Amino acid sequence: MKKTFTISEVSKLTEIPISTLRYYENLELIVPKRNEKNYRMYTLDDLNWIHFIRRAKATGMTLQKIIKYAKLREQGNQTIDERLAILNEQEAILNLEKNKILEHIDFIENKKSLYDSLLREINKSEHI
């Protein structure tokens, strides 16, 4: 028998609020099995999928894109190219953001370098 988890256990393990897990279920992003008492029973596969959702969101991927990805995933291996396209698009977005951040870091480093030079000049003139 496969190990299963309740919604509260999944919430603790993933640090995702129960309300968010229910919201994802309403969006059909996650579809946990139900036991004889109609309680949600999550599997390790569900936990892995929730981890993917969480990481995709952390990259800035929209829920709409994640839903599209999920629907493609449900269709099987014939949609791998389409899923790769979604991931490639998100990677391109992240690379643009990374480049902007690197430009900001360069700006800060250049400004700090200027101040370091000014401080050295000030210290030299005070010791003369």
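For the stretch 71-128, what number results from the quotient of the Cα radius of gyration and 2.2 N^0.38 Å?
2.34
Using θ = phi - 60° and the Karplus curve 6.51 cos²θ - 1.76 cosθ + 1.60, what whole-Hz ³J(HN,Hα) does each residue of the stretch 54-65 get, with Gly and Pro shown as x?
Karplus values, whole Hz, x for Gly and Pro: 4, 5, 4, 4, 5, 7, x, 5, 6, 4, 4, 5.
Between rounded, prolate and oblate, where does the stretch 1-69 land on the alpha carbon gyration tensor, with a ≥ b ≥ c its root eigenvalues, rounded for a/c under 1.5, else prolate if a/b exceeds b/c?
Prolate.
With unit charges on the beta carbons (Lys and Arg positive, Asp and Glu negative) and the dipole taken about the Cα centre of the chain, which residue among TYR39, THR59, THR79 sits farthest to the positive side?
Of TYR39, THR59, THR79, it is TYR39.
What is the gain in length, in nm to one decimal, between LYS2 and SER19 on full extension, counting 0.36 nm per residue of separation less the C-alpha to C-alpha distance?
The LYS2-SER19 span can extend by a further 3.6 nm.
Figure the gain on full extension for GLN64 and PHE52 (residue separation times 0.36 nm, minus the Cα-Cα span) and round it to one decimal in nm.
2.9 nm
Find the accessible area per residue for the stretch 23-72; the probe is 1.4 Å, ligands and nucleic acids are left out, and the unit is Å².
Details: 3160 Å² over 50 residues.
On a per-residue basis, the stretch 23-72 sits at 63 Å².
Scan (i) 126; (ii) 104; (iii) 168 for the value of volume of the Cα convex hull per residue in Å³ calculated from this model and give just the label.
Checked against the structure: label (iii).
Note down the nm distance, to one decimal, between modelled labels 7 Å out along Cα→Cβ at ARG73 and at ASN99.
Here the answer is 3.0 nm between the modelled labels.
The values are calculated or read from the model by the stated rules, or taken from the named source; none is laboratory data. Here the structure is a predicted model, which means the values were calculated and not measured. In this analysis, Cβ positions are derived from the backbone assuming ideal geometry, glycine residues included, and neighbour counts consider all displayed protein chains. Protein only, heavy atoms only, side chains kept; ligands, DNA and RNA dropped before computing areas. Shrake-Rupley method; radii C 1.70, N 1.55, O 1.52, S 1.80 Å.
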